[in-house]
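A.B. asks: Sending over a structure as structure tokens; questions will come in a sec.
Taken together, the values in this text are just the output of simple stated rules run on the coordinates, not laboratory data. Since the model is a prediction, treat every value here as computed from it, not as a measurement. As a convention, Cβ positions derive from the backbone with ideal geometry for all residues, glycine included, and neighbour counts pool all protein chains shown.
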Amino acid sequence: MRTPLIAGNWKMNGTWRESEALLSRIAELSPLYTEVLVCPPFTALAAAAAHLAGTDIEWGAQNVYPAEKGAYTGEISPGMLAESGCTYCICGHSERRSYFGETDDFIHQKVKALFAHHIRPILCVGESADERKAGRTEDVIRREVAAGIADLAPDEAARLVIAYEPVWAIGSGAAATAEDAETVCALIRTVVEEQYGKTVSDLVRILYGGSVNSANISSFLQEADIDGALIGGASLDGEEFSSIVEIAERN
Ligand code: PGA
């Protein structure tokens, strides 16, 4: 049985002050079955730690640089995230792939560096609208997943979280249908199985992301291979995010 995970990706939103109100609302949640995670910007991680320590809610980061320390101006190391209490870190989000030129190989280095610090990566994969139209969804997903999860110890692989986020569904208000998302999430589980076997692939959690809200979350959670959601816009509204968590709890 896989524990559902509801994760909020705040992206570049939330000054320290703005974050405080949202974090206090989220701190009130006390999920029983669902794991709940928020990923604020780096500058609000200390606020997250202050508000969420001792609650049932976890906090994580949106990015990491895959080196221990050194002359990498502007970057944040996995050790720094671990010290900030981060239990998860998003890797390979499509915004980072497209705006910052992140490659499969670089994203894989991040996955490895995070595991070395016992932080669970949330590896994001997903096809663009053009790739889908051209019938290349399976190729893209296979390539991004296989590259991202290569060369892990089986116990690390089992702790992976992979988020299927079709690029065309992110922030567009047009989520994938639950059936389409399930097809790709099942494919992702197959790719994990091909690399690490069924015991591991049964444990890996696969999330759907892209315009998830309180009206559609339940349809995704009913699918066999969807174990939760990575939520952008709707995670910035405390009431909406709380509703999503409450629905996940009843699912
Ligand atoms: P969205 O973003 O929920 O606003 O579509 C999801 C994401 O990019 O992780």
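A.B. asks: Anyone know which of 121, 154, 41 comes out most mobile in the 10 Å Cα GNM of the chain?
C.D. replies: The residue with the greatest mean-square fluctuation here is 154.
A.B. asks: Please express the shape of the range 10-70 as an equivalent ellipsoid: the semi-axes are the square roots of 5 times the eigenvalues of the C-alpha gyration tensor, given largest first in whole angstrom.
C.D. replies: Those come to 21, 15, 10 Å.
A.B. asks: Using r as the Cβ-Cβ distance of residue 24 and residue 251, and R0 as 30 Å, what FRET efficiency do you calculate, to the nearest 0.05?
C.D. replies: 0.70
A.B. asks: Note the full-extension length gain between residue 13 and residue 174 as 0.36 nm times their separation in residues minus their Cα-Cα distance, in nm to one decimal.
C.D. replies: Contour length minus Cα-Cα distance gives 55.8 nm.
A.B. asks: Still on this structure, I have one more. Note down the relative contact order for the range 195-251 as a percent, whole number, built from C-alpha pairs under 8 angstrom at least six residues apart.
C.D. replies: 37
A.B. asks: Within the set of other residues whose C-beta is less than 11 Å from the C-beta of residue 108, count the net charge using Lys and Arg as +1 and Asp and Glu as -1.
C.D. replies: On the way: positive: 110, 112; negative: 102, 104, 105, 144, 151.
For residues surrounding residue 108, the net value is -3.
A.B. asks: For the range 1-72 and the range 111-170, what is the separation of their Cα centres, given in Å?
C.D. replies: Here the answer is 21 Å between Cα centres.
A.B. asks: Work out from phi, with θ = phi - 60° and the Karplus expression 6.51 cos²θ - 1.76 cosθ + 1.60, the ³J(HN,Hα) of each residue of the range 241-250, listed in order in whole Hz, and give x for Gly and Pro.
C.D. replies: Running phi through 6.51 cos²θ - 1.76 cosθ + 1.60 with θ = phi - 60° gives 5, 4, 4, 4, 5, 5, 5, 4, 5, 7 Hz.
A.B. asks: Let me ask something additional. Just name one of 80, 50, 40: the one whose Cα is farthest towards the positive end of the charge dipole of the range 1-110 (beta-carbon charges, Lys/Arg +1, Asp/Glu -1).
C.D. replies: Most positive-ward Cα: 40.
A.B. asks: Follow-up question, since we're still on this one. How do 120, 17 rank when sorted from fewest to most other Cβ atoms within 10 Å of their own Cβ?
C.D. replies: 17, 120
A.B. asks: Here is a follow-up. Label points 7 Å out from Cα along the Cβ direction at residue 1 and residue 109: separation in nm?
C.D. replies: Result: 4.2 nm between the two label points.
A.B. asks: Also, I was wondering about something else. Express in nm, to one decimal, how much length is gained between residue 237 and residue 218 on full extension, taking 0.36 nm for each residue of separation and deducting their alpha carbon distance.
C.D. replies: Numbers: separation 19, 0.36 × 19 = 6.84 nm, distance 1.81 nm.
Once the chain is fully extended between residue 237 and residue 218, it gains 5.0 nm.
A.B. asks: Averaging over every viewing direction, what projected area does the convex hull of the Cα atoms of the chain cover, in nm²?
C.D. replies: Spelled out: convex hull of the Cα atoms, projected over all directions, averaged, 12.4 nm².
A.B. asks: Right, another one. So how do 242, 98 line up by other beta-carbon neighbours within 10 Å, fewest first?
C.D. replies: Listed from fewest to most nearby Cβ atoms, that is 98, 242.
A.B. asks: Let me ask something else. Would you list which lysines come within 25 Å of residue 110, measuring only between C-alpha atoms, while excluding same-chain residues fewer than 8 positions from it?
C.D. replies: 11, 69, 198
A.B. asks: For each of 115, 100, 106, count neighbouring Cβ atoms within 10 Å of the residue's Cβ, then give the residues from fewest to most.
C.D. replies: Going from least to most buried by this count: 100, 106, 115.
A.B. asks: Sticking with this structure for a sec: Under Stokes-Einstein, with the Kirkwood radius over Cα pairs standing in for Rh, what whole-number D in µm²/s applies to the range 1-128 at 25 °C and 0.890 mPa s?
C.D. replies: 162
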